[in-house]
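The values are calculated or read from the model by the stated rules, or taken from the named source; none is laboratory data. Everything numeric here is computed off the predicted structure, so don't read it as measured data. We place every Cβ from the backbone using ideal geometry, glycine too, and count neighbours over all the protein chains shown. With ligands, DNA and RNA removed, areas are computed over all heavy atoms of the protein, side chains included. Shrake-Rupley method; radii C 1.70, N 1.55, O 1.52, S 1.80 Å.
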Amino acid sequence: MGNVITGTGRFVPDRRITNEDLSRVMDTNPEWIERRSGVKTRYIAAPGVGPSDLAAAAGAAAVDDAGLTVDDVDVLITATMTPDSFAPGIAPLVQTKMGLGPVAAHDIRQQCSGFLYGLDLADALLSSGKATTALVVGAEVHAGYQPWIESVPFLLGQSDTPPTAEQYERNTQYRAWSVLFGDGAGAAILQRDANPTAGIIASRLFTDGTHFDLIHVPAPGFTRQPYLSLDVIDADLHMPTMKGRELFRQAVTLMPQAVEAVLADAGLAVADLDVVVAHQANARIVDAARKQLGVDAEVVPINIDRYGNTTAGTLPILFDELRRDGKIQPGALVAFTAFGAGAHWGAVLYREPEAR
Ligand SMILES: CC(C)(COP(=O)(O)OP(=O)(O)OC[C@H]1O[C@@H](n2cnc3c(N)ncnc32)[C@H](O)[C@@H]1OP(=O)(O)O)[C@@H](O)C(=O)NCCC(=O)NCCS
């Protein structure tokens, strides 16, 4: 028996922000962003819309795509680093918004590797017999972090007021990471399949906590008493910090190594791969990882140009696009891989069934 992806879905908000837009509210330019990261546009959720809303929409699309109803889902796994509220996580909100039964609903973090960890958890739950139909969702609303979020009404033509000099300076201060991220959600249904050679065939997950601060949001946090204060906000400790070059260096080495490890576990080779669904943090990272693996560009698709880095949403959004575009052929060998905050990384090797 194998654990097979029988349905996928995605959902992104409709507010689209271009590089040209961003260059009106900070000291940057569209060419720099595109050349250094590959991002051209990103989607941004409206105020009041949380990752649970995007996750519920993506999840519903996946249930529908699998030809199921919400009553068939018996375990839910949600991954996000931007929950609707500090606690509880988004799993109960997604369960309720989708109208799922009173199922086990896991909240996991793992940031850019969240969906990868979710796939592995679903695989384990299905293989153990604890579940028959798992819904795994990665969802992110980074909008609230964005220093430039207050300029969005101006960018959307809903206000004539450009950023103040102070806001412009603050937007520029955070430009290295704030141009990279976007909002969105993707989802997959996993089910048992009678064919033991189809579905997830190997997975390797890794963590190295010595790199905890590669990308880090220091506050709110419970080493501080009180855990949140005006001093903490004044010091901007609620804003992400990122060691961009070190992240880059680690990602281009560790993702290909993880892919090679799962291939070796399965007794397969890089030449057997049809598609690599790689985390989209930077098009240059994806391209460098592809070169490390020694595969052609069409094997490692890129969609960061349209979405930016949607963190936990990235892998399932990309996989859903590929599947709906007919790019995941029957019998295709697919490697999912990601590297991100934690640091957490890894790869999952997947064989698409011969017939759906
Ligand atoms: C962030 C990243 C795009 C920066 O690219 P880089 O080539 O390393 O650029 P640097 O950070 O060295 O900055 C180079 C210059 O560009 C400037 N710069 C940074 N962001 C800019 C922006 N948005 N617009 C214009 N200039 C910018 C810097 O200030 C710096 O200027 P200086 O040389 O005068 O100091 C790149 O390091 C990256 O993508 N890293 C990985 C990020 C990642 O994986 N994040 C998600 C975690 S999963």
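Based on Cα contacts under 8 Å between residues 6+ apart, segment 199-351 shows a relative contact order of 38 percent. Once the C-beta distance of A235 and S85 is scaled by a Förster radius of 22 Å, the resulting FRET efficiency is 0.45 to the nearest 0.05.
Placing one equal scatterer on every Cα of the chain and applying the Debye formula, the log10 ratio I(q)/I(0) at q = 0.07 Å⁻¹ is -0.28.
Of the trypsin sites (Lys or Arg not before Pro) found in segment 238-342, those in coil by DSSP whose Cβ has at most 15 other Cβ atoms within 10 Å are K243, K327.
Of the chymotrypsin sites (Phe, Trp or Tyr not before Pro) in segment 18-87, the ones in a loop by DSSP (not H, G, I, E or B) with at most 15 other beta carbons within 10 Å are F86. For the chain, the solvent-accessible area of protein heavy atoms averages 42 Å² per residue (probe radius 1.4 Å; ligands and nucleic acids excluded). Note on segment 116-244: with neighbouring protein chains present and a 1.4 Å probe, carbon and sulfur make up 54 percent of its accessible heavy-atom surface.
Among the trypsin sites (Lys or Arg not before Pro) within segment 129-175, those in coil by DSSP and having at most 12 neighbouring Cβ atoms inside 10 Å are K130. What is the sum of charges around P163, taking Lys and Arg as +1, Asp and Glu as -1, for the other residues whose C-beta is under 15 Å from the C-beta of P163? For residues surrounding P163, the net value is -3. The DSSP beta bridges internal to the chain are antiparallel in roughly 70% of cases. Remark: segment 259-356 projects, on average over all directions, an area of 6.2 nm² (convex hull of Cα atoms).
For the options H344, H211, H142, a Gaussian network treatment of the chain with springs between C-alpha atoms closer than 10 Å singles out H211 as fluctuating the most. Seen against the Cα atoms of the chain and their longest principal axis, helix 114-127 is set at about 30 degrees. Under a 10 Å cutoff between Cα atoms, tell me which one of P226, P256, P330 has the largest fluctuation in the Gaussian network model of the chain. Of the options given, P226 has the highest mean-square fluctuation. The residues neighbouring V141, those whose beta-carbon lies less than 9 Å from its own, together hold a net charge of -4 under the Lys/Arg +1, Asp/Glu -1 convention. Of Y145, Y168, Y227, the residue with the greatest mean-square motion in the GNM of the chain, using alpha carbon springs below 10 Å, is Y227.
Rolled with a 1.4 Å probe across the full set of protein chains, the surface gives V12 an accessible area near 40 Å².
Other residues lying with their Cβ under 12 Å from the Cβ of Y307 contribute a combined charge of 0, Lys and Arg counting +1, Asp and Glu -1.
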